[in-house]
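**Student:** Structure incoming, see below.
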Amino acid sequence: MTAIRWLRTGGHEHGVEPQRVVLMGESAGATLCALAAATLQEQGEQQVSGLVLFYGNLGGPTAKTRAYSRWVWANFLGTDELPPNPAAVPTQVKLSGLPPTWLGVGEADPLLGDSLEFAEKLRDAGVKHTLKRYPGLPHAFVMMSRLYQGADAALDDAAAAAKGFAKR
């Protein structure tokens, strides 16, 4: 939140146009971006122009969550107690008023269900969004784009979405 606020107040000194800020994240970073936008909305602050989210860990931990994801959540939340605080789980916060959102996820990603659920909740909240599913791509394919055919296309799609959001 501090970084977003700084971009709005001091970013112009570095060529940042405060009305054209787009948040992009992958996995836990996508979770943080979604929660930051929800916090802006909740606090009545100027919303960002858009969200570009790759394979977010958006549904929170459950008893069935794979061990690594539970570890990530425990580090984020400071506890592994279930259920987690709903305010820390993007699928459980108020989504109406969020900016346009682009979601990209590989069909071989164990978090595919989180992206599908989040897209459904965005739809129900009336948030303009796009969900792109990429055949055969696993979790974290953005970081390993040289290894996976189709990852470059996903990055191009995300960049196009971000550029479109920034024009608003």
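**Student:** Lysine pairs in the chain with Cα distance under 20 Å, only those 8 or more apart or on different chains: how many are there?
**Tutor:** Close lysine pairs found across the chain: 6.
**Student:** Can you tell me the length gained on complete extension of the stretch residue 45 to residue 166, counting 0.36 nm per residue apart and subtracting the Cα distance?
**Tutor:** 41.8 nm
**Student:** Could you give the radius of gyration (one decimal) and Dmax (whole number) of the Cα atoms in the range 23-168, in Å?
**Tutor:** In Å, with Rg to one decimal and Dmax whole: 14.6, 42.
**Student:** Then there is this: Grab the beta carbon distance between residue 71 and residue 17, set R0 = 41 Å, and tell me the FRET efficiency rounded to 0.05. Intermediate results must be reported in sequence, preceding the final value.
**Tutor:** On the way: r = 38 Å, r/R0 = 0.93.
Once the sixth-power term is evaluated, E becomes 0.60.
**Student:** Hey, another quick one. Tell me the label-point distance for the pair residue 2, residue 146, using the 7 Å Cα-to-Cβ offset, in nm and rounded to one decimal.
**Tutor:** The answer from the label model is 3.4 nm.
**Student:** Now for a different question. Kindly state, to the nearest 0.05, the FRET efficiency for residue 156 paired with residue 94, given R0 = 22 Å and r defined as their beta-carbon distance.
**Tutor:** Efficiency computed from Cβ-Cβ geometry: 0.10.
**Student:** Normalising by the residue count of the range 1-83, find the relative contact order in percent from Cα pairs under 8 Å and 6+ residues apart.
**Tutor:** In percent, rounded to a whole number, it is 24.
**Student:** Can you give the calculated 222 nm mean residue ellipticity of the chain, where each DSSP H run of n ≥ 4 adds -39,500 (n - 2.57) and the sum is split over every residue, rounded to the nearest 500 deg cm²/dmol?
**Tutor:** Rounded to the nearest 500, it is -12000 deg cm²/dmol.
A short reminder: the numbers here are calculations on the coordinates, not readings from a lab. Since the structure is predicted, the reported quantities are computational estimates derived from the model, not experimental observations. So basically every Cβ, Gly included, is an ideal-geometry build from the backbone, and we count neighbours across all protein chains shown.
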